[in-house]
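Novice: One structure follows; several queries about it will come next.
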Amino acid sequence: MSCIGIVGGLGVGATLHYYEKITTACTARGFVPSLLINHADANTGQVFIRAGRLDQLGDYLAPYIDQLATGGAEAVAIPAVTPHIAIAEIKARTKVPLINIMETLAAELRARQVKRVALFGTIYTMQGSLWGQMAAAEIVKPQPDEMKFLGDAYQRLLDTRMPAPGDVDRFREIAARLQKQDGVEVILLAGTDLTVIFDEATAGFPCIDVARPQIDEIVRRLVA
């Protein structure tokens, strides 16, 4: 039995989503998971992200990971997409094995033979450099006006846990255009807060929740 650590709080909604999904999957297998959660501050992390201070983000998160290892965690996951823009900086500051969301997503894309994707998430995620880590598929960016809408709509979900009227339809319109005009095969739901409005089963367009492969890998390690 493995013990897995989770850096929570980056945000809280994502941490709750992971905790619920992990424990539900383990319960279905008749297994009680060994989990540790260490709470980091989302606002502090966002300051570093918005300023592009990835070294400082790495400095901030590494001690939380080390504390989880001290508590018995054999590997650690960060249940949020955006902080992974600093995954190289984090790895340079800790020797604890990380369950990297980019690696689990890339494995999923290879298994499904998906070659062309777009993503919905925060503006920092959509514009960020972390996608250069993923050679499994070509990433198509939405048009500038679409990008602005997607970023603003995601921020509304973060702030209110509710979409504005028309937001869901606009998400689907953008997805349809990306498929039809840009040849996108799958939309990556690169933010757990999107589950407020839809998921892989209800989105109305082909998509992958990027959290799911990471959650699957956490569960696999927990029950191994």
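The values are calculated or read from the model by the stated rules, or taken from the named source; none is laboratory data. Being a predicted model, the structure only gives us computed values, none of them experimental. Cβ: placed from backbone, ideal geometry, glycine included. Neighbour counts: every protein chain shown.
Novice: Among the listed residues V12, V114, which satisfies the condition of being touching a residue at least 24 places away in the same chain (Cβ under 8 Å), within 22 Å of C207 (Cα to Cα) and surrounded by fewer than 19 Cβ atoms within 10 Å (Cβ to Cβ)?
Specialist: Just one listed residue meets the conditions, V114.
Novice: For region 204-214, which positions are hydrophobic (A, V, I, L, M, F, W, C) and either touching an Asp or Glu at 6+ places or on another chain (Cβ under 9 Å) or free of Cβ contacts under 8 Å to residues at least 24 places away in the same chain (or both)?
Specialist: If the condition is that a residue be hydrophobic (A, V, I, L, M, F, W, C) and either touching an Asp or Glu at 6+ places or on another chain (Cβ under 9 Å) or free of Cβ contacts under 8 Å to residues at least 24 places away in the same chain (or both), then C207, I208, V210 are the ones that fit.
Novice: Scan R161, R177, R170 and give me the residue that is within 18 Å of I123 (Cα to Cα) and free of Cβ contacts under 8 Å to residues at least 40 places away in the same chain.
Specialist: Result: R170 is the single residue among R161, R177, R170 that is within 18 Å of I123 (Cα to Cα) and free of Cβ contacts under 8 Å to residues at least 40 places away in the same chain.
Novice: Being in contact with a His (Cβ under 8 Å, 6 or more places away or on another chain) and outside the structural domain of S34 (by TED's automatic domain parsing) is the requirement here; does T160 meet it?
Specialist: When the stated conditions are applied, T160 does not pass them.
Novice: On to the next question. What pairs come out if I take residues in region 100-111 that are within 10 Å of A136 (Cα to Cα) and pair them with residues that are at pLDDT 95 or above whose C-beta lies under 6 Å away, six or more apart or interchain?
Specialist: Listed by first residue and then by second, the contacts come to L105/P213; E108/P213.
Novice: Search region 38-58 for residues that are closer than 16 Å to K91 by Cα and pair each with any residue that is surrounded by 14 or more Cβ atoms within 10 Å (Cβ to Cβ) and of a type in the set (K, R) when their beta-carbon atoms are under 9 Å apart and the residues are at least 6 apart or on different chains.
Specialist: Filtered contacts from region 38-58: G58/K91; G58/R93.
Novice: Among the listed residues A118, A164, A175, which satisfies the condition of being at pLDDT 95 or above and of a type in the set (G, A, S)?
Specialist: A175
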